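Asker: There's a structure below that I have some questions on.
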Amino acid sequence: MVPINAVFALGIALFFLGLFGVLLRKNLVVMLMSLELVLNGINVILAGLGFHLRSPRGSIFAIFVVLMAVAEAAVGFALILSYFRRKKTYDIDKLNELKG
Amino acid sequence: MTFAIFLLFALMAVFSAVMVITRKNAMHSVLYLAFTVLSVAGVFFTLQAEYLGAIQILVYGGGIVVLYIFVIIIVNLDEVVPGRRKLMPKVFIFAWPALLALQVGFLFLLNRPVPREGPEGGLEFRAMAEMLFTSYALPFEIASVLLLAVLIGAVLVAKRRLSRGSD
């Protein structure tokens with residue numbers, strides 16, 4: 001049997017690794033990858049709670065999170081492609097036209 | 001025994017997640033991301049969420065990772081110019097997640113773990129399907145509308161504007 005605290009630890013570790021990735025990296029593509037890590041951490045916690053509480057709701061919520069991750073990835077890639085076509089770079093430090 | 005397998009997959013997932021955010025080459029990051037995704041699928045299997053594990057392998061491993069690889073091939077990788085950050089953004093970047101992690105840790109230390117409910121044994125696959133298509137039928141349909149909107153929106157945003165001729 002898997003103790004619930006180990007599942008929480010794994011989920012929180014993945015979540016914060018992804019958060020650090022989003023904040024630290026300057027490459028737009030790697031930032032989107034780190035977002036996927038965040039969503040994976042959430043999914044681990046949801047699946048673990050569903051397993052722990054004997055409820056199918058954990059898996060159902062995790063399926064909705066996966067759906068949202070797919071939508072986010074598709075729109076994010078469209079934005080990256082559009083931005084790259086305009087600017088020929090994907091460094092976020094160049095993304096400062098609205099700075100004022 | 002299940003816990004040993006869980007620990008193996010969890011260590012693999014955490015290791016490759018660290019590699020995702022530390023590699024300089026984005027293509028290496030994508031390959032480590034695929035490794036993380038498959039390890040998390042293994043974690044789902046040890047948690048008896050078989051449907052979720054299959055979805056993870058099919059959608060993440062088969063769809064999203066391939067999409068990342070295509071995007072990295074399309075946008076040229078060579079011109080990554082790592083500039084230096086100033087002190088205040090650096091402090092903010094490290095302090096804010098650390099404070100958040102501290103808060104989450106305190107919440108876990110202060111609260112008792114929830115007791116297990118129900119009998120031992122595998123989750124009912126049928127129960128999940130019935131709940132998904134009865135109690136959660138409306139969110140399911142809304143999700144399908146969301147996917148349609150994403151399909152149209154992604155095509156609209158990413159296509160070249162031929163009529164304007166400004167690019």
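Bear in mind that the values in this text are calculations on the coordinates, not laboratory data. Predicted, not measured: the structure shown is a model, and the values here were computed from it. Counting neighbours? That spans all protein chains shown, and the Cβs are built from the backbone with ideal geometry, glycine included.
Asker: If we count every other residue with Cβ under 15 angstrom of residue A:64's Cβ, Lys/Arg +1 and Asp/Glu -1, where does the sum land?
Answerer: -1
Asker: Same structure again: Return a whole-number percent for the relative contact order of segment A:4-91, with Cα pairs under 8 Å and 6 or more residues apart as the contact set.
Answerer: Normalised by residue count, the contact order of segment A:4-91 is 28 percent.
Asker: Let me ask something additional. If I model a spin label as a point 7 Å beyond the Cα along the Cα-Cβ vector, how far apart are those points for residue B:4 and residue B:126 in nm?
Answerer: For residue B:4 paired with residue B:126, the spin-label model returns 3.5 nm.
Asker: Moving on. Kindly express, to the nearest 10 degrees and within the range 0 to 90, the angle between helix A:28-53's C-alpha long axis and the longest C-alpha principal axis of chain A.
Answerer: 10 degrees
Asker: Hey, could you pull the Cα Rg and Dmax for chain A, both in Å?
Answerer: 16.8, 56
Asker: Now for a different question. Can you put A:33, A:68, B:128 in order, fewest other beta carbons within 10 Å first?
Answerer: A:68, B:128, A:33
Asker: Once you average over the residues of B:137-150, how many Cβ atoms of partner chains fall within 10 Å of each Cβ?
Answerer: Mean partner shielding for this stretch: 3.
Asker: What net charge is computed for the residues neighbouring residue A:21, neighbours being all others with C-beta under 12 Å from the C-beta of residue A:21, Lys and Arg scored +1, Asp and Glu -1?
Answerer: That works out to +2.
Asker: Let me ask something else. At 222 nm, what value in deg cm²/dmol follows for chain A if DSSP H runs of at least 4 each add -39500 (n - 2.57) and the sum is divided by all its residues, to the nearest 500?
Answerer: -28000 deg cm²/dmol
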